[in-house]
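Before any comments, here is the structure.
Laboratory data are not the source of any read-out in this text; all were calculated from the coordinates shown. Nothing here was measured: the structure is a model prediction, and the numbers come from that model. We place every Cβ from the backbone using ideal geometry, glycine too, and count neighbours over all the protein chains shown.
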Amino acid sequence: MVVLMPERLQKILSAAGLGSRRACEQLILEGNVRVNGQLVNTLPVLVEENDRIEVGGRPIRQERKVYFMLHKPRGVVVSNSDPAGRTLAVDLLPGVSERVFPVGRLEQESSGLLLLTNDGELSNRLTHPRYEVAKTYEVQVDGNVDGEKVQRLLAGVYLAEGRTRLDRIRVLSRSYRESRLAITLIESRNRQIRRMLAKLGHKVRRMQRTSIGKLTLRGVGVGHYRPLEANEIRYLKQMAGLLPGRESPAVQTHAEFPSPRSTANTAGHGRGRSEGPSRRPSPGEAGRRGARPQRGRGGPSPRPRRRHI
């Protein structure tokens, strides 16, 4: 069961179409509002989903909060409206009576995981960099993205609005013709990945968002959607600080919840080797590999270890 946070009464009244929050505050102060039959005329007032609210003797209907995961196809527009009449993400949720909207954005030419909800507070928090909600993309680009370019992307590339960087990169495969990358962002700017890679001479051919935090597209086909499960909603609320029990930033824990495709070992398939984070060998492994033992304080500094991306 998901425990929903109480919300301010004026916010509920405003969402029901009774005016701005300031106007709804005035309705309350003037004694026009009852909650569960009790007159309320002071602020603040917190109400829950099942509370009965009446304004001028008439009950209002609180809209039930709903949460969906959509596997957005390429070509679908992530917007509330489109003058050109193109297909919108919300058009792919037939049968959903609530007025939902996308959480953040996903480019028209990109595909992948998109959340939709009518929970405005959760949406705002999930898209704010303060809460460090990681989004991971699988990107196919022209050319060989070598280690030097990976380091440049991690260090930061200057765009029109200033320096911007990627939070994590994993090379899934590469050759002189193309590279496949798993890229993780916390704060994403407009077309950030495409613009950064173009700055280094690599054109993005395909891009798919594979995960948001620990949520993945597993079991959701292209163009299909499903409601989020109770534990998934709780996880998002914890990540957004709306429920206790927030974990460490998702960018640090994402490796524990990889997308099915991103973990494939591509070595020996003629597309270049798969690379991952470096790991310190155990003492037994170090002996078998002929590694030099680590010196204690006072001895010569050990040779710097090469970083594997």
Handout entry: Net charge over other residues, Cβ less than 10 angstrom from the Cβ of Leu114 (K, R count +1; D, E count -1)
Key = +3
Exercise for the section: Write down, largest first, the equivalent ellipsoid semi-axes of the stretch 72-119 in whole Å, where each equals the square root of 5 times an eigenvalue of the alpha-carbon gyration tensor. Expected result: 16, 13, 10
Problem - 19 Å Cα-Cα reach of Lys135 towards lysines, excluding residues that sit fewer than 8 places from it in its own chain - result: Lys72, Lys214, Lys237
Problem - Gained length - Arg195 relative to Val55, 0.36 nm times residue gap less alpha-carbon distance - result: 45.3 nm
Completion exercise
By the mean-Cβ-within-10 Å protection proxy, highest first, 61-74, 17-30 rank as 61-74, 17-30
Completion exercise
Shape call for the stretch 132-212, from the Cα gyration tensor axes a ≥ b ≥ c (a/c under 1.5 means rounded, otherwise prolate when a/b beats b/c, else oblate), comes out oblate
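Sort 154-160, 196-202, 79-85 by the packing proxy (mean of other Cβ within 10 Å over each peptide's residues), most packed first.
Highest-to-lowest ranking by the protection proxy: 196-202, 154-160, 79-85.
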Fill in the blank from the handout: Net charge (Lys, Arg +1; Asp, Glu -1) of residues whose beta-carbon lies under 10 Å from that of Pro6, Pro6 excluded, is -3
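Note down the Stokes-Einstein diffusion coefficient of the stretch 83-168 in µm²/s, whole number, using a Kirkwood radius over alpha carbon pairs, 37 °C, and 0.692 mPa s. Write out the running numbers ahead of the final one.
Details: Rh = 16.1 Å.
This corresponds to a translational diffusion coefficient of 203 µm²/s.
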Completion exercise
Ranked output for segments 133-146, 161-174, 90-103 by mean other Cβ atoms within 10 Å, highest leading, reads 133-146, 161-174, 90-103
Handout entry: Projected label distance in nm at Arg246 and Leu88, using a 7 Å step from Cα toward the beta-carbon
Key = 3.1
Fill in the blank from the handout: By Cβ neighbour count within 10 Å, fewest first, Glu178, Glu121 rank Glu121, Glu178
Exercise for the section: Please work out the FRET efficiency for the pair His128 and Leu159, using the Cβ-Cβ distance as r and a Förster radius of 22 Å; give the result to the nearest 0.05. Expected result: 0.60
Exercise for the section: Could you line up Asp51, Asp119 from fewest to most neighbouring Cβ atoms inside 10 Å? Expected result: Asp51, Asp119
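What value in Å³ per residue do you get for the convex hull of the alpha-carbon atoms in the stretch 7-59?
Once divided by residue count, the hull of the stretch 7-59 is 66 Å³.
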